[in-house]
Each structure stands twice: as C-alpha cells, then as structure tokens.
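Notes to accompany the following structure.
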Amino acid sequence: MAYGQVVVGPPGSGKTTYCNGMSQFLRLIGRKVAVVNLDPANDELPYECAVNIEELIRLEDVMAEHSLGPNGGLVYCMDYLEKNIDWLQSKLQPLAKDHYFLFDFPGQVELFTLHSNAKNVIHVMTNKWDYRLTAVHLVDAHLCSDPGKYVSALLLSLSAMLHLELPHINVLSKIDLIESYGKLAFNLDFYTDVQDLSYLQNHLDQDPRSAKYRKLTKSLCELIEDYSLVSFTTLNIQDKESVMDIVKLIDKSNGYVFAGIEGNINEFNKIAAGPLDWDYYRNAAVQEKYFKEESSNEENDVSE
Ligand SMILES: Nc1nc2c(ncn2[C@@H]2O[C@H](COP(=O)(O)OP(=O)(O)O)[C@@H](O)[C@H]2O)c(=O)[nH]1
Ligand SMILES: [Mg+2]
C-alpha cells in the first residue's frame, strides 16, 4: 500500500511549484518522497523526478507526428499513458513499498472534468495497486478578484470532484499575492467557505455586463449550493505553517494519519521545532543532498 497526492488544476495554477515545495517539506519531516511527472508539457522541472512521462512519450513528437495542437497532443499523451499503464507500474512498484508519491498532472481541465484517460489511470492505481491517493486541486487565488471567474472556479472544482471520485482538497494557491489584486468584494472566508452564494449573485447583478446572465448565474450558484461539496483551503507554498496545514488535511483524507507510519505526530514536531523562516527556494539544497544520499545508497546496494 502506498500513499500520495494527485496534483491537478488549470495551467499556471502552481502544480509544479507545489510538487517542488511539498516534496521538500515532506522530506524535511522525514518522509521518503517520489515525485512523478505525468505532465508532458512541463518544460523545466524544478524538482528531481523519480519517474517522468517524457521517458514514455514526448509532447513535441506527438504534435509533429499527428499534426495535433498542444491540447490534442496532451489528450493523446494521456490516452497513451492509459494504454501503457504497465510502463507506469514497472516504474512505480519498486518505489511503492516505502515512498510517498506526488503526481504532477497536466493542467488541461478537460482531462479532469470530461475525458476518462487520466481518471482510469488513477483508478487503476487506487483499485488495483491499492494506492491511497488524495486529489489536490489547485486554483489560482487570483480568480477570487472577479466574481464571474470565481463562479467558474467553483464549477471547475465541483466537476473535478465528481469526475475523479477521490478524497479531494480544493486549494486557493498563490494566496501570498491576493492583496496585490486589490480589495476583494468579500472577506476571504466567504471565498473559502462557499456558504451563501446569494451575495455573489447580487454582486454580479450590479454589473450591467453580467446582469443579463442573471438567471444563468442564479442556476449555477444553486447547483453548486445543492451539491454542497466545494470549499477551499488556502496555500502559500513558501510558508511552512501553510504547507503543514495542508499536509494534515491530506493525511486525514487519504488515511495516512491512521496508518501509524513512523509516528505522524513526531513528523510534525520536527517541523514545529525547526526555524520559522522556512523558504522552499532556499531548501533546494536539502533536495540535492537527499538525492545524492539516495544515489550513493543505491550505488552501495549494487556493489554489495
Ligand atoms: N507568488 C507565488 N507564485 C507562485 C506560487 N505557486 C506558483 N507560482 C508561480 O506561478 C507560475 C506557474 O507555476 P507552475 O508551478 O509552473 O504552474 P503549473 O502550470 O500548474 O505547473 C510560476 O511562475 C510560479 O513561480 C505561489 O504560491 N506564490
Ligand atoms: Mg507544471
């Protein structure tokens, strides 16, 4: 049984940065982490990945060979991954016994709201390989600064929750930038708790451009409220407390916290006692050290 996170969200929402920061945080508290890049559109990876989809298929090759654009190319790549799930299994199984997984998925929203390829890959992992995964759905907090965009973020989050059928945590990412977008129409709690959207409807109705969609807005808001599933937590990936809060939520949702693995409480005590000015950029050195140690251990294993 392995534990991990499926990191999804629109392009630019911060998935790769999240995987980088989260992997470093988890290593600091003593977990063995394997980051798996399943996004063929990731150019430069800030983290060292244990498995990279580029070894299986390259987006540029697909686009050139099949005359596809980037979106079509990504759908093809995910179809290809689904058909070649044995490749993924051969890469992951050696790590599964003692690693915690972070899966960096592509950002094309249709992959997580419409197509079945990525969902089927995830379901094989959870149902056949017995992985305990939580979906971490990142949405740029910038969307809160525009009520119309916020409604679309709510719909997107709801669709992803219903589509993926995993324990699910919605995250407003880049919260450190929220003040730079100007004053929000409501308190931040309003956007995270998603309790009463009638205020949002009233706000939208005051804008002549959106007033003509009044009925549509009302129906969409009612739909979201009827499901009563969506809420958000906030994240500043550079802030240790913020990352720690999310890890606790994720551990509860996928059962890591109940598995008694290496004393979950001890892990957090370690970070609580550490320096308070944690900075994920600065900790890049920790990652380097970790991988050096890992590779020298592996070399020793081979020579033994
Ligand atoms: N200020 C700030 N910038 C962030 C944060 N997370 C990501 N970014 C930036 O947002 C951009 C897109 O991030 P990336 O991780 O590549 O997004 P992805 O396409 O979802 O993988 C990059 O320029 C990141 O540096 C954050 O928490 N705070
Ligand atoms: Mg990325």
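Within the group 64, 34, 50, which residue is more than 19 Å from the chain's Cα centre (by Cα), farther than 17 Å from residue 118 by Cβ and of a type outside the set (Ser, Thr, Tyr)?
Only one candidate passes the filter, namely 64.
Condition first: among the charged types (D, E, K, R) and either more than 16 Å from ligand 1 (Cβ to nearest atom) or without any contact (Cβ under 8 Å) to a residue 12 or more places away in the chain (or both). Now tell me which residues in region 87-141 satisfy that. Before the answer, list the steps.
Quick first cut of region 87-141, residues among the charged types (D, E, K, R) only: 91, 97-98, 104, 110, 119, 128, 130, 132, 140.
Scanning region 87-141 gives 91, 97, 98, 119, 128, 130, 132.
For (1) within 12 Å of residue 224 (Cβ to Cβ); (2) surrounded by fewer than 21 Cβ atoms within 10 Å (Cβ to Cβ); (3) in contact (Cβ under 8 Å) with a residue 40 or more places away in the chain, each residue gets a yes or a no:
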residue	(1), (2), (3)
149	no, yes, no
152	yes, yes, no
155	yes, yes, yes
163	no, yes, yes
167	no, yes, yes
171	no, no, yes
176	no, yes, yes
182	no, yes, no
193	no, yes, no
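What residue, of 150, 80, is of a type in the set (Ser, Thr, Tyr) and under 27 Å from residue 234 (Cβ atoms)?
Unique residue meeting the criteria: 150.
List pairs: first residue in region 26-48 and among the β-branched types (Val, Ile, Thr), second residue within 10 Å of ligand 2 (Cβ to nearest atom) and in a strand (DSSP E or B) anywhere in the structure, Cβ distance under 9 angstrom, at least six positions apart or on different chains.
Qualifying pairs under 9 Å: 35/104; 36/104.
Which is in contact (Cβ under 8 Å) with a residue 40 or more places away in the chain and either more than 10 Å from ligand 2 (Cβ to nearest atom) or acidic (Asp, Glu) (or both), of 23, 13?
Details: 13 fails: either more than 10 Å from ligand 2 (Cβ to nearest atom) or acidic (Asp, Glu) (or both).
That would be 23, the only listed residue that is in contact (Cβ under 8 Å) with a residue 40 or more places away in the chain and either more than 10 Å from ligand 2 (Cβ to nearest atom) or acidic (Asp, Glu) (or both).
Just for helices (runs of 4 or more DSSP H) wholly inside region 198-283: which have at least 1 residues that are modelled with pLDDT of 85 or more and closer than 20 Å to residue 167 by Cβ?
Where helices (runs of 4 or more DSSP H) fall fully within region 198-283 and carry at least 1 residues being modelled with pLDDT of 85 or more and closer than 20 Å to residue 167 by Cβ, they are 214-227, 240-254.
Quick check on region 227-249. Is at least one of its residues within 16 Å of ligand 2 (Cβ to nearest atom), closer than 19 Å to residue 134 by Cβ and surrounded by 12 or more Cβ atoms within 10 Å (Cβ to Cβ)?
yes
Given 135, 118, 141, which one is under 30 Å from residue 176 (Cβ atoms) and in contact with a His (Cβ under 8 Å, 6 or more places away or on another chain)? Reasoning before the result, please.
On the way: 118 fails: in contact with a His (Cβ under 8 Å, 6 or more places away or on another chain); 141 fails: in contact with a His (Cβ under 8 Å, 6 or more places away or on another chain).
The conditions single out 135.
Here are some conditions: (1) aliphatic (A, V, I, L, M); (2) free of Cβ contacts under 8 Å to residues at least 24 places away in the same chain; (3) in contact with a strand residue (DSSP E or B) (Cβ under 8 Å, 6 or more places away or on another chain). Residue 68 meets all but one. Which one does it not meet?
(3)
Any idea how many residues of region 123-153 are touching a Leu at 6+ places or on another chain (Cβ under 8 Å), under 30 Å from residue 82 (Cα atoms) and in a helix (DSSP H, G or I)?
Qualifying residue count, region 123-153: 4.
Consider only pairs whose beta carbons are under 7 Å apart and that are at least six residues apart or on different chains; among these, list those whose first residue lies in region 204-230 and is more than 11 Å from residue 151 (Cβ to Cβ) and whose second residue is of a type outside the set (Ser, Thr, Tyr) and loosely packed, with under 12 Cβ neighbours inside 10 Å.
205/211
So if I check each of 78, 22, which one is within 13 Å of ligand 1 (Cβ to nearest atom), closer than 24 Å to residue 109 by Cβ, aliphatic (A, V, I, L, M) and crowded, with 18+ Cβ neighbours inside 10 Å?
Values: 78 fails: within 13 Å of ligand 1 (Cβ to nearest atom).
Just a single option satisfies the conditions, and that option is 22.
Of the residues that sit in region 166-210 and are more than 16 Å from ligand 2 (Cβ to nearest atom), touching a Ser or Thr at 6+ places or on another chain (Cβ under 9 Å) and of a type in the set (S, T, N, Q), which one is farthest from residue 222 (Cα to Cα)?
170
Please indicate, with yes or no, whether at least one residue in region 44-53 is within 13 Å of ligand 1 (Cβ to nearest atom) and in contact with a His (Cβ under 6 Å, 6 or more places away or on another chain).
No, because not a single residue in region 44-53 is within 13 Å of ligand 1 (Cβ to nearest atom) and in contact with a His (Cβ under 6 Å, 6 or more places away or on another chain).
The values are calculated or read from the model by the stated rules, or taken from the named source; none is laboratory data. Only a predicted model underlies this, so the values are computations on that prediction, with no experimental measurement involved. In this analysis, Cβ positions are derived from the backbone assuming ideal geometry, glycine residues included, and neighbour counts consider all displayed protein chains.
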